[in-house]
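The values are calculated or read from the model by the stated rules, or taken from the named source; none is laboratory data. Quick caveat: nothing in here was measured; it's all calculated off a predicted structure. Here Cβ is always computed from backbone atoms with ideal geometry, including for glycine, and neighbour counts include all displayed protein chains. Accessible surface is based on the protein model in full, side chains and every heavy atom, while ligands, DNA and RNA are left aside. Shrake-Rupley method; radii C 1.70, N 1.55, O 1.52, S 1.80 Å.
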Amino acid sequence: MKKYLLIAVLFLTFSLQAQKVKKIEPPFWWTNMNHNQLELLIYGDDIASYKPSIENKNIIITGVKKTENSHYLFLDLDISKAQVGTFKINFSKKGKKNNFSVNYKLKQRSKNSKFRKGFNSSDVVYLLMPDRFANGDVTNDSSKYTFEKANRKLKGGRHGGDIQGIINHLDYIKQLGATAIWSTPLLEDNQSVYSYHGYAITNPYKIDPRYGTNELYKNLVEKAHKKGIKLIMDYVTNHWGSNNWIIKDLPTYSWIHQFPNFQRSNYRMSTQFDSHASKIDAKLCMDGWFDKTMPDLNQSNPLVLKYLIQNAIWWIEYANLDGLRVDTYSYNNKEGIAKWTKAIMDEYPNFNIVGEVWMHNQAAISYWQKDSKIGAIESYNSYLPSVMDFTLHDAITAMFNQENTSWDNGMIKAYNNFANDYLYPNSNNMLVFAENHDTQRINEIFNGDINKYKLAITLIATVRGIPQLYYGSEIGMRGNKNNGDGAIRKDFPGGWQKDTNDAFTNLGRTTKQNEYFNFTSKLLNWRKTSEVIHTGKTTHYIPENNVYVYFRYNEKKSVMIVINNNPKEQTIPLNRFAENLKKYTSGIDILTDTKLDLSKSDLTISGKTALVIELKK
Ligand code: CA
């Protein structure tokens, strides 16, 4: 009996001591990382009263940081000489009986991790919202660990879509011709209501159980890679959800920006570089909260910054990611977000990160791209490789409905957009899109006119940059943002078991849906192998009568794109394009597989039609 009693006492003591550390983050790390000065967040009752030590000559404690909250201890480690394996962190304080230790693991890094190549202009990005795309596992629609339960009837509710749903439809995405998936956030968002969008993260190291598990996410990336599809994680540095476990027990007052009363951001991002801006406006833009349930993280606090850097690197390394999309990039502390971005790019020099910089003029967008001359005016460098072409978005959403030509209406809007490319350090590393999960759906703007859809998709698939689609538009999905965000984030038809319309398959799609899908798929699959579109130069010609003509070319190939936004048939004289047509006398329109004679004096094109002509000598 005595023996059993002793074991029981030992077991009890052990589990009590183990409970003294409730969390360590990051939960594990790797050897041979560029980021080898690790900072562990250690969380537990009264943990700050312990003295940590490590008996491993290759792992050096370089700092122990305490805050005003005794539940936290931040342990700085130099692991530059560390070996793969598990080491013990000992915690001691007066009275030996309190001493205990926890294990920490350093894993073997996969061989090519450092050299991972991010998404680029050879890719087409497919943006989806996981809750609204496909429900591959009905058993996880609600979870006992999370507050909000599934309710498909609510526009702003959880509908049950998940990671398994994405895995089940990788072939659909591949068939469409997309080569990368940007899923809106998949991490735990355990807010009590309106949590499906995922931007109020409550556990930065955990996939939301309603989407699956960390392992399943890793599995998704692996399966996608096998089909030639990259994965871009939607990362939020600016804010967390108010139910985030760290927010509920703040390590330090300055972890977030705090105000006597709720203070919303003024969202005026121009204050970040406006030399006339008042200090208070600039401060409230950056430090104000994005929303009541989204406390604003303070990236100028080194503890917060380090936490966010390590969390992002952890996900890239753990899940084998191909890119990040950073939410509300320009609302972050400017210097902090630049350090964050640089740390990730230092770890993965060939990686790509695209930031959401939702602004409406090119100089303002350019300011946020790496090595921008606009940023350099005030010695700012964000180190952010890719930005979003919001001004092109603005043009696309207006010009295809403009049929009467005037000085600045119609295709001239696209022309003017690209005319300002000189402002960008790298215009080919920009996301090119007509819509996303926050904007009006294009098929709504086009009032269901497929010809306008075709013009818009042809444009984004053939200009410089990285095209990005938004799920559902490729089958003609509509929905009016004026009726709330739920209207532009409807469930993809066929993603739920009882759906009568399965738009994931050729046979399940309606004739109209197939017309949308087949056009998009043909164009994008052609683009996939057209290097000249990925990296070629551009020459464009001033639009006349709402017809925009541009060429994409390199030393070997040339493609002539003609976008006739005029509802009437147009005849264009070809001699105007002599500097690009050169010795080319014919071409194939890849959209219709029609051979065109370019030795004639002119070319006729139907109203509201585009031609994508591969030139032949
Ligand atoms: Ca589900």
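For the reader, a short list of remarks on this structure follows.
- Here is the figure for segment 202-232: residues that are on the phi < 0 side of the Ramachandran plot, open to solvent by 10 Å² or more (accessible area, probe 1.4 Å) and outside any helix (DSSP H, G or I) total 7.
- Inspection of segment 107-120 identifies no residue that is over 30 Å from LYS490 (Cα atoms), surrounded by fewer than 18 Cβ atoms within 10 Å (Cβ to Cβ), over 32 Å from the mean Cα position of the chain (by Cα) and at pLDDT 95 or above.
- No other residue among LYS94, LYS107, LYS114, LYS81 is over 21 Å from ASP346 (Cβ atoms) and of a type in the set (D, E, K, R) apart from LYS94.
Residue by residue, here is whether (1) closer than 29 Å to ILE256 by Cβ; (2) open to solvent by less than 50 Å² (accessible area, probe 1.4 Å) holds:
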residue: THR86; (1), (2): no, no
residue: PHE91; (1), (2): yes, yes
residue: LYS105; (1), (2): no, no
residue: LEU127; (1), (2): yes, yes
residue: GLY136; (1), (2): no, yes
residue: GLY157; (1), (2): yes, yes
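- Hey, MET430 crowded, with 18+ Cβ neighbours inside 10 Å and either over 25 Å from the mean Cα position of the chain (by Cα) or more than 24 Å from SER122 (Cα to Cα) (or both) or not: no
- For segment 134-175, a residue qualifies if it is near the ligand (Cβ under 9 Å from one of its atoms), part of a loop (DSSP other than H, G, I, E, B) and free of Cβ contacts under 8 Å to residues at least 60 places away in the same chain, and the qualifying residues are GLY136, ASP162.
- Output for segment 400-427, where each listed residue is of a type in the set (A, V, I, L, M, F, W, C), buried (at least 23 other Cβ atoms within 10 Å of the Cβ) and over 25 Å from TRP182 (Cβ atoms): MET411
- The sole residue among ASP131, ASP123, ASP162 that is surrounded by 14 or more Cβ atoms within 10 Å (Cβ to Cβ), in contact with a helix residue (DSSP H, G or I) (Cβ under 7 Å, 6 or more places away or on another chain) and on the phi < 0 side of the Ramachandran plot is ASP162.
- Segment 320-397 holds helices (runs of 4 or more DSSP H) entirely within its bounds, and those carrying 1 or more residues that are touching a Pro at 6+ places or on another chain (Cβ under 9 Å) and under 20 Å from ASN417 (Cβ atoms) map to 362-366, 373-376.
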